[in-house]
Amino acid sequence: MPLFKRKPFSLLEPPKDLDPKEKISGKSNLTFEEALVSEHRAVAKAQKLPTKLMAPVLQMIQYSTVGLHELVEKIYGRLHEEVFEGLELHAKQDGLEASCRILKILGSGGTEMYEVGWLLRDKTIISTSVIKGEDLIRRRPPVSRNTLRIFIRDATSQNTPWVIHENLAKRYGIPIEPPSDMMFGEGLQKRGRKRHEDGPMGDARKKMKNGEERINVPIKYPIDDLLVQPSTDDHALSKRPPLATDFRIPKYSVGDLLMVWDFCLSFGRVLNLSPFSLADLENAICHKESNALLVEIHAAIFHLLIKDEGDYFSVLQHKKRKLKVTLVTWAEYLCDFLEMTKIEELSSNISTVRKGYYSLIDTDMKLKILRELVEEAITTSPVREKLSEWVDQRQALAATKRETTRKAKDEQTSSIEGVQDGGENVDDQGKGKEENDKSNISRSKTEGKRHGVQHLETEIEKLSIRSCPLGKDRHHNRREGRLFVESADSKEWGYYSTKEEFDALMSSLNVKGIRERALKRQLEKLYSKISNALEKRSKEITHKLLLEEAVLRRSTRVRAQPRDNPSMSFLKYVNKWKDN
C-alpha cells in the first residue's frame with residue numbers, strides 16, 4: 001500500500017464501467033509506466049531547442065539575476081521581438097507569405113535589411129534575397145515558454161545568479177567570467193533595485209551607467225562562490241590541501257564502492273552479514289582469486305531477494321533452483337540475476353562467471369554488478385520495513401528532544417526570574433543563601449536536561465538512514481562521510497585522511513561564498529567527531545605499517561603466510577551473523 005506522509009493511503013477503486021481498450025485523451029488516469037513514458041516524451045519535446053537559438057538564449061541566461069519566471073518571460077519576449085541570424089519565420093515574397101530563414105543582418109542608412117533564405121517544407125533553402133524589416137511577419141516565438149523553462153533548468157548549474165554549464169559556454173562562445181557590474185555588486189541586487197533608486201546607491205549606479213568615475217558598491221555577502229573576488233580586507237585563507245587518490249579501483253567507481261559498503265553496514269542485521277571495513281571491501285574487489293567476503297556479500301543479498309519473493313524469486317522458481325545459496329553454488333544465482341536485469345553491459349559477463357572466472361572480471365564491472373544488486377535489494381519489503389521502523393524511531397526521539405529542550409528553556413527562564421525576585425526582596429544573608437541554593441538546584445536540573453538532549457541527538461544519529469553529504473565547495477564538489485570528496489560530475493573522487501589536512505581544509509573555505517559558508521558551518525558542527533575519527537584512523541594506519549614491516553622482516557627469515565599481511569585481512573573474514 002502506498003504511503004502519504006508516512007501513513008498508509010488507500011487508493012480509489014477504478015470505475016466499473018471503464019473500457020480497458022478506451023484511449024486516454026488527457027494526462028490523468030495513466031498507469032505508472034504510461035505516465036513515465038508521457039513524462040519522458042514531454043521532456044524530450046521540451047528539450048528540442050533549435051540549434052540556431054542556443055547561442056542567443058544562453059547569452060541571455062548567463063549571469064542573469066532574475067527569477068525563473070521573469071527570465072522565461074524576458075527570453076520569450078525577446079525571441080518574439082528581436083531578429084537574429086538563424087531565426088526561421090515568415091516574410092512577404094511577391095505579395096505572398098513564405099517561410100524563410102535569416103541568413104545575415106544588414107544595415108543600410110538606418111533601414112533594417114535582412115538577407116533571407118526561402119525555405120521548402122523540408123527546410124531546404126531554394127533561393128536567397130534581401131528584404132526590408134517591415135516585410136518580416138512575426139506570428140509567435142519559435143519556442144514555447146515551457147520549452148524555455150526546462151531548457152534553462154537543464155543548461156544551468158546554479159540560479160543565484162544563473163550560470164550555464166561550462167561545457168555549454170565554451171561550445172557556444174559564451175563568456176565564463178562574470179560581468180564587471182556584477183563584480184561591483186550591481187547585478188546581484190537587481191531584484192531590490194527599485195527600493196534604492198532614489199538613495200545614494202541609486203545615484204552611484206546612475207553615475208556608473210553614465211560612464212563617470214566608477215565607485216565600489218558594497219556587496220552583500222554571501223554570494224555565489226564563483227563570484228567572490230580576493231580582497232585586501234580578507235583574512236589570509238590557507239592553501240587547500242591536495243586530495244589523496246591512491247584508490248586501488250578506478251576513481252569513477254569509488255561512488256559505487258561507498259554505496260555498496262554503506263548499504264551492507266546499514267542493513268547488516270537484515271542481511272545477516274557481519275560488518276567489514278571499507279579497505280577490506282576494496283581489497284576483496286581487486287583480488288584476483290575467489291574470497292569469502294565477496295561470496296558472503298552476494299549470498300546475503302540473494303537470500304534477501306529470495307525472502308522477498310519478488311521477480312528474482314520467480315526466476316529461481318521457473319528454473320527450479322534450490323532456495324538455499326551456498327558458497328559453492330552462488331555463481332549460478334549470480335548468473336540468474338544478471339540474466340534477469342537484461343542489462344547488456346552486465347549480462348555479457350555471464351559466460352565468464354559460469355566458467356568459474358568471476359574473480360577475473362574488471363573491478364569496475366564487479367562494482368556495477370554489486371550496485372545493481374543493492375538497488376534491487378533496496379526495493380524489498382524487509383529493507384523498506386526497516387527504513388519505516390527507523391523513521392518512526394527518529395520521529396519519536398525528535399519529539400522527545402523538542403519536549404526536553406522546551407522544558408529546559410522554561411526551567412531556565414523560571415530560574416532567572418527567581419534569582420531576580422530574590423535579589424530585590426531578600427534582606428538577610430540566610431534567606432539569600434536559600435534562594436541561591438534553589439537557583440543552583442534549578443541550574444543543575446537544566447544542565448541535566450541538556451546532557452539528555454545530547455544523548456537523544458546521539459541516538460537519532462545512530463538511526464541515520466543514509467550517509468548525507470556534508471556540503472559543497474565553490475566548485476560544487478561534495479564532501480561525504482569521512483571526508484571523501486566527490487567532483488561535481490561524480491566522476492572523480494579523493495579523500496582527506498589526517499587532522500592536519502582537515503584543519504587546512506577548514507582554513508581554506510571562504511565564508512563569503514554561499515556553498516563554502518554552508519560547508520564550513522556543517523564541518524564546524526562535526527569538528528570533534530571528524531577530528532577524533534581521523535586521529536583514530538591515523539593511529540590504526542601507523543599500527544598497520546608496523547605490522548607490515550614486522551611481516552616483511554620475518555619473511556626474510558621464514559616464508560610468511562599471505563594472510564599475515566594486514567592488507568590481506570579480508571581473506572580472514574568470517575560472517576558471524578550468518579543465518580544457518
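Key figures
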{"quantity": "Share of pairwise Cα separations in region 48-172, more than 27 Å, in percent", "calculated": "27"}
{"quantity": "Solvent exposure of region 236-282 as accessible area per residue, Å², 1.4 Å probe", "calculated": "47"}
{"quantity": "Inter-label distance, nm, simple model (7 Å from Cα along the C-beta direction), Ala488/Leu327", "calculated": "4.8"}
{"quantity": "Over 26 Å between alpha carbons, listed pairs Lys319/Lys576; Lys52/Lys491; Lys288/Lys322; Lys322/Lys576; Lys386/Lys407; Lys132/Lys170", "calculated": "Lys319/Lys576; Lys52/Lys491; Lys288/Lys322; Lys386/Lys407; Lys132/Lys170"}
{"quantity": "Calculated FRET value between Ser314 and Arg153, using beta carbons and R₀ = 35 Å, to 0.05", "calculated": "0.35"}
{"quantity": "Amide H contacts under 5 Å for Glu112, placed H, 5+ residues apart", "calculated": "Gly133"}
{"quantity": "FRET efficiency, Asp122 to Ser238 (Cβ-Cβ, R0 45 Å, nearest 0.05)", "calculated": "0.15"}
{"quantity": "Listed peptides 301-309, 118-126 by packing density, highest first (mean Cβ within 10 Å)", "calculated": "301-309, 118-126"}
{"quantity": "Distance in nm between pseudo-label sites at Glu403 and His543 (7 Å out along the Cβ direction from Cα)", "calculated": "4.2"}
{"quantity": "Contour excess over end-to-end distance, with Cα ends at Ser348 and Thr160 and 0.36 nm allotted per residue", "calculated": "63.1 nm"}
{"quantity": "Highest average packing first - 338-345, 275-282, Cβ atoms within 10 Å", "calculated": "275-282, 338-345"}
{"quantity": "Pair Leu103, Val130: separation of 7 Å Cα→Cβ label points (nm)", "calculated": "1.2"}
{"quantity": "Gain on full stretching of the segment that runs from Ser277 to Ala504 - 0.36 nm per residue minus C-alpha separation", "calculated": "79.1 nm"}
{"quantity": "Region 242-300 versus region 347-372: alpha-carbon centroid distance in Å", "calculated": "15"}
{"quantity": "By average C-beta atoms within 10 angstrom, highest first, the peptides 63-70, 372-379", "calculated": "372-379, 63-70"}
{"quantity": "Segment Glu385-Glu85, length gained on full extension (0.36 nm per residue, minus Cα span)", "calculated": "102.1 nm"}
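The values are calculated or read from the model by the stated rules, or taken from the named source; none is laboratory data. This is a predicted model, so every value here is computed, not measured. Heads up, the Cβs are rebuilt from the backbone with ideal geometry, glycines too, and the neighbour counts pull from every protein chain shown. Quick note on the areas: whole protein, heavy atoms, side chains included, nothing else; ligands and nucleic acids left out. Shrake-Rupley method; radii C 1.70, N 1.55, O 1.52, S 1.80 Å.
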